[in-house]
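Each remark here refers to the structure printed beneath this line.
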Amino acid sequence: MAEKNSYEAGFGSDALKDPQRVVFITRKTSAKVQGEVGKQLMSYPHLILREAIAFQILVIALVIISLLWDAPLEQLANPLLTPNPAKAPWYFLGLQELLHYFPPLVAGVIIPTLVVVALIVIPYFNVNIQGEPLWAAKPAQRFRVALVTLAVLAVSLAIFQAWTVLAPTLAIAGLMLFSYFAAPGKQPWAQFLRARPVSWWVMTWFIAVAVALTLVGTFFRGPGWSWVWPWSSRGA
């Protein structure tokens, strides 16, 4: 076995000598490369002043809007009269729409908990740091995995008759499968889809489902949470 060598660093004060630097690189270390430091600005006044101006503009705009348009308030709350349907605020209408399809434990506890846990856990995993396209490596194998995953998800949503979730899911799945069969060098938008990583597809699906649930809960749900058209007061 090779003997373990020890290295000592020496310091000198002879300014006539050219500075020399020796770097020892092992398997677990690498030379540190420091790039040029770009232009820097102080937080005050450059950042804080701009934030203060933006805040004042926002306050002025809200005051003008409140003077010109009344808030869409209803009558005073009456504990003896419950509105039908009793809708949650718009940012919770997606969960309320899920309650129409899934049991309360699933829609109100399990699904929100999984979303929060995913947001906490995902940043700690180095998943596709380089952002390579979904079909860049092993496209045939990834296509089979994606096809099975989409089939299981679509069948599960169809069993629960969660059409509001199934529709955007099928739309995103269609675009993803189309990007697999798109020929290279053809339409620019097809190449754009083909170059998207899996994280982009998952986030796009999540946003599409959230928007669809919120829009349906806001405009297409009437008494008894039945389906109504926005221009009609009768349930479907």
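The values are calculated or read from the model by the stated rules, or taken from the named source; none is laboratory data. Computed from a predicted structure; not experimentally measured. No Cβ is skipped: glycine too gets one built from the backbone with ideal geometry, and neighbour counts run over all protein chains shown.
Out of everything in the stretch 183-196 that is buried (at least 17 other Cβ atoms within 10 Å of the Cβ) and not basic (Lys, Arg), what residue ends up being nearest to Glu97 (Cα to Cα)?
Step by step, filter the stretch 183-196, then rank; the result is Leu193.
Scan the stretch 92-147 for residues that are surrounded by 10 or more Cβ atoms within 10 Å (Cβ to Cβ) and among the aromatic types (Phe, Trp, Tyr) and jot them down.
Residues satisfying the conditions are Phe92, Tyr101, Phe102, Trp135, Phe143.
Only residues in the stretch 189-210 that are under 26 Å from Trp163 (Cβ atoms) count as the first member; pair them with residues that are in a helix (DSSP H, G or I) and polar (S, T, N, Q), Cβ under 7 angstrom, at least 6 apart or cross-chain, and list the lot.
Going by the 7 Å Cβ cut-off, the qualifying pairs are Leu193/Ser179; Trp205/Thr169; Val209/Thr169.
Those residues that are of a type in the set (Ser, Thr, Tyr) and either under 30 Å from Val209 (Cα atoms) or in contact with a helix residue (DSSP H, G or I) (Cβ under 9 Å, 6 or more places away or on another chain) (or both), I need them from the stretch 54-113; list them, please.
Thr82, Tyr91, Tyr101, Thr113
So Ala88 fits all but one of (1) part of a loop (DSSP other than H, G, I, E, B); (2) under 30 Å from Gln191 (Cβ atoms); (3) at pLDDT 85 or above; what number is the exception?
Going through the list (1) part of a loop (DSSP other than H, G, I, E, B); (2) under 30 Å from Gln191 (Cβ atoms); (3) at pLDDT 85 or above, Ala88 breaks only (2).
From Thr169, Thr164, grab the single residue that is under 30 Å from Ala88 (Cβ atoms) and under 16 Å from the mean Cα position of the chain (by Cα).
Thr169
Give just the number: which of (1) of a type outside the set (Ser, Thr, Tyr); (2) closer than 20 Å to Ile172 by Cβ; (3) modelled with pLDDT of 90 or more does Gln96 not satisfy?
(2)
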